[in-house]
Amino acid sequence: MALVLCTLAVSGCDYFFGPAQEESVTEDAVLFSTFVQIQIHEWPQGTDPEKVISEAFTEMESTGSIVSVYDENSDINAVNRAAGESVAVSEETFYLLQKALEIAEMTGGAFDPTIGPVVDLWGFYTGEHRVPADDEIEEALARVDVNRIELDEDARTVRVPGDMRLDVEALAKGFAARAGAEHLVKSGITSALITSGQSSLKAVGDGPEGRAWRVGLLHPRAEQDVYAAVELRDGESLSTSGDYQRYFTEDGKRYAHILDPETGYPPRTMQSITVVTPDTVIADGLSTALFVLKPEEVLNRVEQMPDVSVAMMTAEGRVKYCSQMEGRIELVDD
Ligand code: AMP
Ligand code: MG
């Protein structure tokens, strides 16, 4: 546990810790308004790891910004501005929206990529946070319905009714990490770890000396402490969602940026959830969606998902994890 490779200034980031490597290259950047890091531990002879990282950053930047609700020129904002008309989108955006529908299906609608009007109401886009009145929430919820997204695969167009608003922010970091990893693999990199935002990690190959990567999960209420270490292997992704990354408090109550599409309110059953699974976009989407559900329901649901492992810190501060997580998680005593 000697080496923390993630910058401490970036609070909320899950850490990788392992032995110091003389032969490794780590670069940080801020892309699509998000802190990202790539560390490469093994590369083929003749390959310049710094150049590969810089190219991977370029891929991550274009992938992240094309779907970001915070980028005015993104495909997602083009659909939102189109007032109910069909909009042609990039292959990447179309793929991501298909994934979004898949995650909505997997989670019984806890994931909803049309949650935009409710996120807006709580001020999470502008930073002008407020607790909305019940009738405002009701009105915004009437404009949230994943089933009203129309995807035309042949024309590669997207349409949502004019009063609705797409938001796939919950997938953007994982999607960018996926693009970065594809570039690393294509460049022959055999051991690397990508950190995208404060929450999405992707392993390319195993860690140094062929061992698993060990990732520290930050304690949601003591953010310089880790409460557990989780192993990641070649190709696996890890994503954490929680109520400590983006939130505001009013009258002593915490209101976090993940909202329950049933109620329009931030759920209060956990402090954080971490998902490990091969697909980086699914990891990112599942962590957001499962955060909405009750811990027992999460455990029941993931029983049907053999390649998904989850660990949660419940609202009461208790750690719970599913049977798939056994053997890859180690709790850290405080
Ligand atoms: P993440 O940090 O990956 O958990 O994603 C959180 C972001 O996803 C929020 O800032 C919202 O933009 C969006 N979001 C919030 N609630 C939901 C939800 N229930 N389903 C899909 N996206 C959501
Ligand atoms: Mg997410």
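The values are calculated or read from the model by the stated rules, or taken from the named source; none is laboratory data. None of the values given here were measured: they were computed from a predicted structure. Reconstructed Cβ throughout: ideal geometry from the backbone, glycine too, with neighbour counts over all protein chains shown.
A few points about this structure:
- Options Val308, Val275; residue that is surrounded by 15 or more Cβ atoms within 10 Å (Cβ to Cβ), within 16 Å of ligand 1 (Cβ to nearest atom) and within 13 Å of the chain's Cα centre (by Cα): Val275
- Looking only at segment 87-140, and only at residues there that are more than 22 Å from Phe291 (Cβ to Cβ) and among the acidic types (Asp, Glu), the one that is farthest from the chain's Cα centre (by Cα): Asp135
- From the list Val292, Val281, Val275, the lone residue that is within 16 Å of Phe111 (Cβ to Cβ), within 13 Å of ligand 2 (Cβ to nearest atom) and touching a Lys or Arg at 6+ places or on another chain (Cβ under 6 Å) is Val281.
- Residue satisfying condition, being modelled with pLDDT of 95 or more and closer than 20 Å to Ala172 by Cα, within set Phe57, Phe32: Phe57
- Residue check for Asp163: among the charged types (D, E, K, R), part of a loop (DSSP other than H, G, I, E, B), within 21 Å of Ser74 (Cβ to Cβ) and away from ligand 2 (no atom under 11 Å from the Cβ): yes
- Contacts under 8 angstrom Cβ, first residue in segment 221-249 being closer than 18 Å to Gly174 by Cα and within 16 Å of ligand 1 (Cβ to nearest atom), partner outside any strand (DSSP E or B) and of a type in the set (Phe, Trp, Tyr), 6 or more apart: Ser241/Phe291; Gly242/Phe291; Arg246/Phe124
- Condition check for Ala104: touching a helix residue (DSSP H, G or I) at 6+ places or on another chain (Cβ under 6 Å), more than 30 Å from Gln304 (Cβ to Cβ) and in a helix (DSSP H, G or I): no
- Restricted to segment 232-243, and to residues there that are of a type outside the set (A, V, I, L, M, F, W, C) and either in contact with a helix residue (DSSP H, G or I) (Cβ under 7 Å, 6 or more places away or on another chain) or crowded, with 21+ Cβ neighbours inside 10 Å (or both), the residue that is farthest from Gly123 (Cα to Cα) is Glu236.
- Across segment 147-174, the qualifying residues are those that are β-branched (Val, Ile, Thr) and surrounded by 19 or more Cβ atoms within 10 Å (Cβ to Cβ), and the one among them that is nearest to ligand 1 (Cβ to nearest atom) is Val168.
- Residue match in segment 254-268 (condition: within 16 Å of ligand 1 (Cβ to nearest atom), among the polar types (S, T, N, Q) and in contact with a Leu (Cβ under 7 Å, 6 or more places away or on another chain)): no
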